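Below is one structure, written out as structure tokens; comments come after it.
Readers should treat all values here as calculations from the given coordinates under stated rules, not as data from a laboratory. Keep in mind the model is a prediction, meaning the values are calculated, not measured. With ideal geometry, Cβ positions are generated from the backbone for all residues, glycine too; neighbour counts draw on all protein chains shown.
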There are 2 protein chains.
Amino acid sequence: LRASRRDLARLLTRVENGHAHDELSTLFPYTGQAHVIGVTGAPGTGKSTLVNALAKAYRAEGITVAVVAVDPTSPFTGGAILGDRIRMRELSGDPGTFIRSMATRGSLGGLAHTTSDVVRVFDAAGYDVILIETVGAGQSEVDIARAAQTTLVVEAPGLGDDVQAIKAGILEIADVLVVNKADRPGVEHTVRALRAMLDLGHRAERVLHHGTLMAAADSARLPALPDEMTAWQTPVVQTIASEGTGVDEVLARLHAHRDYLRTTGTLIQRERAHAQAELLTRVRDALFTKWIAGQDQLLLGDLIARIAAREMSPAQVVTRLIDGG
Amino acid sequence: LRASRRDLARLLTRVENGHAHDELSTLFPYTGQAHVIGVTGAPGTGKSTLVNALAKAYRAEGITVAVVAVDPTSPFTGGAILGDRIRMRELSGDPGTFIRSMATRGSLGGLAHTTSDVVRVFDAAGYDVILIETVGAGQSEVDIARAAQTTLVVEAPGLGDDVQAIKAGILEIADVLVVNKADRPGVEHTVRALRAMLDLGHRAERVLHHGTLMAAADSARLPALPDEMTAWQTPVVQTIASEGTGVDEVLARLHAHRDYLRTTGTLIQRERAHAQAELLTRVRDALFTKWIAGQDQLLLGDLIARIAAREMSPAQVVTRLIDGG
């Protein structure tokens with residue numbers, strides 16, 4: 001809790017490698033203090049620049065900041081984020097800031113767990129604000145961002161039709177919407193389109209669809225979580241993050257959303273939804289790990305060969321393995 | 001196998017809703033004939049236009065084509081792909097073409113299963129080529145594309161630094177690399193950069209890292225799959241898909257890759273890797289479904305509340321639930 005930077009870095013490495021179960025259980029009661037903010041959006045929107053600008057703006061108010069950059073650049077080699085060294089240089093030397101890049105080793109499901117755990121370490125270590133930055137705009141990145149208390153979605157003018165298509169889904173999770181690169185042509189059109197989409201509004205569905213296991217939980221009749229209050233109106237803020245323009249307004253909106261979460265009870269609802277999704281995912285993975293450890297690997301290899309040869313369908317093999325059919 | 005379009009559409013709906021287990025097992029032995037091609041790439045690269053152009057080029061050779069468009073636009077409302085109606089109009093009326101859009105209902109893991117099943121339906125129905133188009137460039141989209149036999153990655157000049165960063169990972173799965181919008185400025189720079197990255201070459205890792213469960217399988221010492229032969233040199237083809245320019249060369253490369261897969265035994269290796277990943281994912285989900293059906297839902301709700309209140313950590317609850325600790 002009062003660890004040195006070096007000790008903190010070591011613990012984070014152990015957490016990322018899955019070797020810190022005891023430490024995580026020990027520090028868990030000390031979490032829940034930080035404001036956890038997910039920042040997501042399509043490639044090319046300037047997310048990293050905005051995250052850096054926000055970190056500096058928080059620091060100017062005396063608020064400590066940890067940045068967790070989730071990096072899907074390589075499913076294979078676990079490459080580090082481009083420009084990460086530049087960012088480190090810009091913000092380093094300041095003991096109130098800590099930047100951690102995470103690569104997607106193995107599954108993004110696993111990464112979502114690990115991200116939660118890394119956030120907990122920073123939370124217990126006393127960082128006031130934790131920014132989770134996800135590069136990309138796929139479902140899994142959205143899941144990671146959604147593990148945050150506040151979700152900031154970054155857009156930019158003129159990114160083409162595919163990006164437009166992605167907006168529909170990503171808008172529904174936005175608590176604060178930023179149109180970055182606001183000096184580009186077409187910014188007014190983008191802002192107008194976003195406001196129109198926000199007005200359509202599907203936000204009430206947020207809690208019920210949280211996480212990736214809700215379908216299974218639904219069918220098992222887990223107690224339904226109540227819909228969120230919808231008193232919060234998602235603001236649309238224009239920024240030019242590279243020049244710092246508009247960053248203070250984003251900060252004000254983030255402060256306001258934090259207050260909203262705490263005063264309306266929405267925070268407790270989100271934390272419960274997050275706890276449920278995380279618990280169910282962890283149970284699923286634990287069940288699988290236990291199961292595979294008890295399998296005859298030669299038999300399993302043979303069954304896989306039979307699927308590839310079209311002799312048995314995957315569903316038939318699953319039935320045989322699980323139900324002994 | 002000789003179904004009418006309407007029957008086929010009905011079966012696909014049943015498959016997407018998870019209600020066609022028997023039909024899938026029945027048709028499974030008839031699969032394995034089609035050339036399954038995954039098309040992926042970042043937003044703004046013009047994937048859909050390229051897929052349409054490829055479908056038309058295949059049809060001009062008398063080859064039947066099914067297109068499976070995986071649409072991550074909305075994790076909530078399951079929105080249909082923008083422009084889908086336009087595409088339908090352009091290619092419809094031709095009995096040799098079938099386009100199916102899939103929304104991401106629930107998890108992308110589930111979507112990867114369903115996509116595999118939809119591909120099998122088209123395969124058994126006799127379509128010669130099946131194009132799986134994924135919008136986006138996240139890990140999960142890559143997993144879906146990887147379920148294909150041949151992976152085509154689409155790039156475009158001038159999409160910014162984030163896209164550049166994503167390339168490193170996505171390049172490693174490319175069998176054919178297309179630089180679309182080749183009339184844009186900077187195309188030579190993009191092609192040069194891609195060739196340089198290809199030369200770095202991490203392709204040998206492909207099979208071992210296939211799927212999202214390999215870490216668990218590795219630790220359980222499943223028989224390792226052999227590395228792929230690396231005799232295939234990923235070509236870089238420039239296209240202007242909207243005008244049809246370069247599409248014939250892409251088609252020639254796809255034909256060549258199909259021949260390469262069949263003559264070198266690489267196809268069998270990929271099918272085995274795919275079978276392994278799919279089997280393990282299905283087992284994991286089946287174990288979880290079975291487990292949750294047997295749970296006391298009130299107890300589970302109470303444990304979730306205790307996590308949210310920081311009284312027990314997620315790991316502690318998992319231990320109690322799984323091991324009765």
ask   = What is the gain in length, in nm to one decimal, between A:SER4 and A:HIS21 on full extension, counting 0.36 nm per residue of separation less the C-alpha to C-alpha distance?
value = 4.1 nm
note = Between B:GLU155 and residues 5 or more places away or on another chain, the pairs with built amide H atoms under 5 Å apart involve B:VAL178, B:VAL179, B:ASN180
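Which of B:ILE99, B:ILE63 has the fewest other C-beta atoms within 10 Å, and how do the rest follow up to the most?
Neighbour counts put them in this order, fewest first: B:ILE63, B:ILE99.
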ask   = Which cross-chain or sequence-distant (5 or more) residues have an amide H under 5 Å from the amide H of A:ILE132, H modelled 1.01 Å from N in plane?
value = A:ILE37, A:GLY38, A:VAL39, A:VAL68
ask   = Given label points at 7 Å from Cα along Cα→Cβ, what nm distances, shortest first, separate A:GLY294 from the same residue in every other copy?
value = 0.9
request  = List B:HIS189, A:HIS113, B:HIS35, A:HIS255 from most exposed to least, where exposure is judged by having the fewest other Cβ atoms within 10 Å.
outcome  = B:HIS189, A:HIS255, A:HIS113, B:HIS35
message = Among A:ALA286, A:ILE304, A:THR266, whose Cα projects farthest towards the positive end of the dipole of the stretch A:257-325, with charges put on the beta-carbon of Lys, Arg (+1) and Asp, Glu (-1)?
response = A:THR266
message = Given axes a ≥ b ≥ c from the Cα gyration tensor, I'd like to know whether the stretch B:229-295 is rounded (a/c under 1.5), prolate (a/b larger than b/c) or oblate.
response = oblate
key: In order through the stretch B:11-25: 3J(HN,Hα) via Karplus (6.51 cos²θ - 1.76 cosθ + 1.60), integer Hz, x for Gly, Pro   = 4, 4, 5, 5, 5, 5, 8, x, 10, 10, 4, 5, 4, 5, 5
Copy-to-copy label separations for A:ALA193, where each label sits 7 Å from Cα toward Cβ, in nm and ascending = 2.3
note = Residue by residue through the stretch A:300-311, the couplings from Karplus 6.51 cos²θ - 1.76 cosθ + 1.60 with θ = phi - 60°, in Hz, x for Gly and Pro, are 4, x, 5, 5, 4, 4, 6, 5, 4, 8, 6, 7
task = Output ³J(HN,Hα) for the stretch A:50-65: one whole-Hz value per residue in order, computed from phi by the Karplus curve 6.51 cos²θ - 1.76 cosθ + 1.60 with θ = phi - 60°, and x for Gly and Pro.
result = 5, 4, 4, 5, 5, 4, 5, 5, 4, 4, 5, 8, x, 8, 7, 9
Sequence-distant residues sharing a close amide H with B:PHE98 (under 5 Å, placed H) = B:VAL65, B:ALA66, B:VAL67
